[in-house]
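Report on one structure; see the data block that follows.
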Amino acid sequence: MPDAPEPRIMISALEHYAYCPRQCALIHVEQSYEENVYTLRGTRDHHRVDDPETELRDDVRVERALPLYSEALGLTGRADVVEFDDGVPYPIEYKHGEQRRHAPGRIQLCAQALCLEEMTGRDVPAGALYHTSSHRRQEVTVTETLRADTRDVIEAVRAQLREQTVPPPVNDDRCPPCSLQRVCMPDAVDTPERRHRETDRLFTVED
Ligand code: SF4
């Protein structure tokens, strides 16, 4: 029997994985999701870009809630905003909260750029993260390094979905703002005893 086709990966899953591989698995493997103050703020801040809309602003076409896909990479998703200046796409992803927490957003933005390149046939050299609290854009250059990092994350998410694996908790400063703390229970799962067991298992040589 032929292998089942690989499911398309949500672009948002890449951000989840880049933030914490367990968070990605809890959402996309176990279908767990919980709201907290951060996700509710994010939903509120996204309201302006939730409805598809086209606008012409100083000869720049602005598309909101634009559907995205990549056949080559097996991705699907949506861009908050894409500006087309002289036909060149410039994706903008809305983010709430502190700027330092948005490194995974660069992976998400790069994936959007890769989709737009495939969809339009144009190079996408840059995009931006728009910070809703400061109303500032942080430009992100779509470098070769960022492209390679993004492709690595795509492959890691694909493997996680294929193998249905849920990694152990990171149990670090990513956990307090994470909406999945209650289902993840990073303190309960990531105990010193568990770590010792894992270490023993890793270094046990089987005949
Ligand atoms: S609580 Fe921590 S370990 Fe659990 S999913 Fe969130 S960030 Fe990852």
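The values are calculated or read from the model by the stated rules, or taken from the named source; none is laboratory data. Remember, it's a predicted structure, so these values are computed and weren't measured experimentally. So basically every Cβ, Gly included, is an ideal-geometry build from the backbone, and we count neighbours across all protein chains shown.
Has the range 186-196 got any residue that is within 16 Å of the ligand (Cβ to nearest atom) and modelled with pLDDT of 90 or more? Among the residues of the range 186-196, at least one is within 16 Å of the ligand (Cβ to nearest atom) and modelled with pLDDT of 90 or more, which makes the answer yes.
Could you tell me whether ALA156 is out of contact with any His (no Cβ under 8 Å at 6 or more places or on another chain), modelled with pLDDT of 95 or more, within 30 Å of VAL189 (Cα to Cα) and within 16 Å of the ligand (Cβ to nearest atom)? In short, yes. Residues in the range 126-163 that are under 18 Å from the mean Cα position of the chain (by Cα) and part of a loop (DSSP other than H, G, I, E, B) were compared, and the one that is nearest to ARG8 (Cα to Cα) is VAL142. Out of everything in the range 170-183 that is assigned to a loop (DSSP other than H, G, I, E, B) and more than 18 Å from the chain's Cα centre (by Cα), what residue ends up being nearest to the ligand (Cβ to nearest atom)? Of everything passing the filter in the range 170-183, ASN171 is nearest to the ligand (Cβ to nearest atom). A Cβ distance below 8 Å, combined with a sequence gap of six or more or placement on separate chains, defines the contacts here; from the range 51-65, residues that are under 12 Å from VAL81 (Cβ atoms) reach residues that are exposed (fewer than 11 other Cβ atoms within 10 Å of the Cβ) and not charged (D, E, K, R) in the pairs ARG61/THR54; VAL62/THR54; VAL62/LEU56; GLU63/THR54; ARG64/THR54.
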